[in-house]
Every structure is written in C-alpha cells, then in structure tokens.
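Visitor: Questions regarding the structure given below will be posed in turn.
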Amino acid sequence: MSQRETIFLSESEVLAQSRHAGDQYVLRVRAREAARTAAPGSFAHVRCDKAIPLRRPLSIMDADPEAGWLDFLYRPLGPGLASLAAKEPGDRVSVLAPIGNGFGFDPARPRIVAIGGGVGIPPMIFVARKLRGDARFMPLVLMGSEVPFPFALTAPRESETWPDAATASLSMLEEWHVPSRIASNSGLAGAYHGHVTELARHELARLDAAVLAETALLACGPEPMLEAAAAVARDFDLPCQLAVEEFMACGVGGCAGCTIRIHTPDGPAMKRVCVDGPVFDSRAVYP
C-alpha cells in the first residue's frame, strides 16, 4: 500500500458536472494540492452543502497534478449527494483530500488485474491512469455494474479469448492502451453475464503458472464482491489488495466510526477504514 500523504482542506471550485445514464454524475473540482498527492484508492470527504453538516466520502476517480483537478463519479442517493448533484460550474464545495492509504504496486508483480464493482469502479479508472505508459506494469481493468456504464464503450483492440458476451471495453481506457472488460447481471450490451469476479476467474484460469507468479489483484466494491475477490486470490494464490468502503463521520480518524476487524500476526485488531485503510491486504480482511 502507498503511504498516506498530507490531507488538504480547500474551498474548491466546481469546474464541471455532467449527468450520465443510470443517474450517475461525474464531478470535477479544482483542488491543486490534493491533485498533486492523490493516489489510486485514496478518497475525499466532501461537504455537499453548507446546510448539511456531515461530509460524504467519495473515491477519487482521476486526478491531474498539472491542471490541479480531481474527478469523482457518484450516484445522488440521499439528500447530501442530491445536493451535490445540483452544483454547477463556478459553485464551491469544501473538499478534504486526499485521505487514506492507496494501492501499492510491486514491480515483481507487474500484471495487475484491477476489479471494480459499482461504486468501486472509480478507483480502478485512477489505477489505469496511474499505470498507463509505465513500462513496468501491465494493467487489466475489469468492471461490474447493474446500471449502464457512464463511459463510452468500444470494441477492444486485443483479440484474446474471452466469454462470448464480453465484447466491450471502455473507450477511455483503450485510448490509454489499458485493456478492459465489463460484466453485468442486467443484460448490458457487450458485458459478460455474471459477476465481475467470475470474469476475473475466467481470465486467471487461462494463465500459466509463470504468468500467475507475476500477477496481483486489486479490488474495490460492495462487501460481497470484496469477499468474492479475496476468494479468487486465495484460489489462485495471488496477492490481493482491497479498498474497503464503510460509513464514516469525520473521515480523518478522530471518531473511530468506520472501524473494521482486521487479522494481524498478533491477533485481531480494530482498524479505521479512513486513515488505516481504505486499502488492506485481502487476507487480513478475509483470512
């Protein structure tokens, strides 16, 4: 896991806000300091409106350290995020970021299979941006969703053997030369019919022992998906990092409201998702 950096508080200008299929929104804010140190897996704590005291944690989907912006993908479930969805370019929101330890990347395991499900998709987009053009790594992004993807889809460049229905990849990732596939149980066009972790199993099962020895898993999504990803890692004897999602109030470790049970060599321990995570070793979460 990458080491946590300084957390910055800023009154950030909304640069863009767009609505997509499935009632999903992409928000871009100016946050220069945070954009320089944000890492895939880290998140922001955003005040959606001055009348709503509690902030909302949002995974960082993308960051441009030169232009100084952060991107977030979210669905406006609840009054807080509904208020955030009403923001327009020029409005300001309070952003506390980047928070938490992000994913770590080991050159000894250059083949990265990044699995994102639902709200866990944004960190995997950030992984793709982080690793694109880095000759040391070969990322593959697998995404599962039950609502339409908020990104343009295209035919993949690579012609590897995949299940017949897995015929679409993300145009944005193809432009970055990062291969991707999608999965869904909702009959989405171009998607593998089933869970994204099942699609990961299909990919891993066709690799020989030498290639598996160079492979590592990353996963972010709802708890059942994380547990399934941990099981995949155990079955193929692969290292796996999980970005855990949890309800939180302060987001900076003070309230301890987001603690989860982690297994350590010294026995069980309670760790705070916001600052001790959100990225943990899968075997510590699901031994």
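A short reminder: the numbers here are calculations on the coordinates, not readings from a lab. This one's a predicted model, so the numbers in the text were calculated from it and none came from an experiment. Reconstructed Cβ throughout: ideal geometry from the backbone, glycine too, with neighbour counts over all protein chains shown.
Visitor: With charges only on Cβ, +1 for K and R and -1 for D and E, what is the dipole size of the range 111-245 about its Cα centre, in debye, rounded to 20?
Guide: Using Cβ point charges on Lys, Arg, Asp and Glu, the range 111-245 gives about 340 debye.
Visitor: Please state, to two decimals, what the Cα-based radius of gyration of the range 38-90 comes to when divided by 2.2 N^0.38 Å (N = residues).
Guide: For the range 38-90, the normalised Cα radius of gyration comes out at 1.18.
Visitor: Using +1 at the Cβ of each Lys and Arg and -1 at the Cβ of each Asp and Glu in the range 21-146, identify which of G118, A135, S145 lies farthest towards the dipole's positive end.
Guide: Farthest along the dipole direction, towards plus: A135.
Visitor: If you average the sequence gap of Cα pairs under 8 Å that are 6 or more apart and divide by the length of the chain, what percent do you get for the contact order? Could the numbers behind the result be given before it?
Guide: On the way: 693 pairs, mean separation 49.5, N = 287.
It rounds to 17 percent for the chain.
Visitor: Note the angle between two axes, namely the Cα long axis of helix 121-131 and the longest principal axis of the Cα atoms of the chain, as a number of degrees from 0 to 90, rounded to the nearest 10.
Guide: It is inclined by approximately 70 degrees.
Visitor: Related question: Once you wrap a convex hull around the alpha carbon atoms of the range 92-138, what is its projected area averaged over all directions, in nm²?
Guide: Quarter of the Cα hull surface area: 4.6 nm².
Visitor: Let me ask another. With a Cα-only, solvent-free Debye model of the chain, what are the log10 I(q)/I(0) values at q = 0.11 Å⁻¹?
Guide: Values, matching the q order: -0.61.
Visitor: Put a dot 7 Å past each Cα toward the Cβ at E223 and A51; how far apart are the dots in nm?
Guide: Distance between the two pseudo-spin positions: 3.3 nm.
Visitor: Between M138 and V252, take the C-beta separation as r, use R0 = 51 Å, and let me know the FRET efficiency to the nearest 0.05. If you can, show how the numbers build up before the last one.
Guide: Numbers: r = 35 Å, r/R0 = 0.69.
Between M138 and V252 the formula returns 0.90.
Visitor: Something else about it: Go through S184, G221, L77 and say which Cα lies farthest out towards the positive end of the charge dipole of the chain; charges sit on Cβ, +1 for Lys and Arg, -1 for Asp and Glu.
Guide: Of S184, G221, L77, it is L77.
Visitor: Restricting everything to alpha-carbon atoms, can you work out Rg to Rh for the range 246-287 with a Kirkwood hydrodynamic radius? Working shown, then result.
Guide: Values: Rg = 10.2 Å, Rh = 10.5 Å.
Taking Rh as the inverse mean 1/r over Cα pairs, Rg/Rh reads 0.98.
Visitor: While we're here: Determine the calculated [θ] at 222 nm for the chain from helices alone, applying -39500 (n - 2.57) to every DSSP H run no shorter than 4 residues and normalising by the residue count; nearest 500 deg cm²/dmol.
Guide: On the way: 8 runs with 61 residues, N = 287.
Calculated from helices alone, the mean residue ellipticity at 222 nm is -5500 deg cm²/dmol.
Visitor: Using a 10 Å cut-off on Cβ atoms, rank the peptides 194-206, 258-270, 81-93 from the highest mean neighbour count down.
Guide: Descending packing order for the listed peptides: 194-206, 81-93, 258-270.
Visitor: If each of E175 and A269 carries a label point 7 Å out from its Cα toward its Cβ, how far apart are those two points in nm?
Guide: That separation, rounded to one decimal, is 4.3 nm.
Visitor: Need one number: nm distance between label points at R283 and A210, each 7 Å from Cα along Cα→Cβ, rounded to one decimal.
Guide: 2.6 nm
Visitor: As I understand it, the value is the acute angle between the Cα axis of helix 223-236 and the longest principal axis of the Cα atoms of the chain; what does it come to in degrees, rounded to 10?
Guide: Its long axis makes an angle of about 30 degrees.
Visitor: Once the piece of chain linking A16 and A231 is laid out straight, how much longer is it, given 0.36 nm per residue of separation minus the C-alpha distance between them?
Guide: The span from A16 to A231 would gain 73.5 nm if fully extended.
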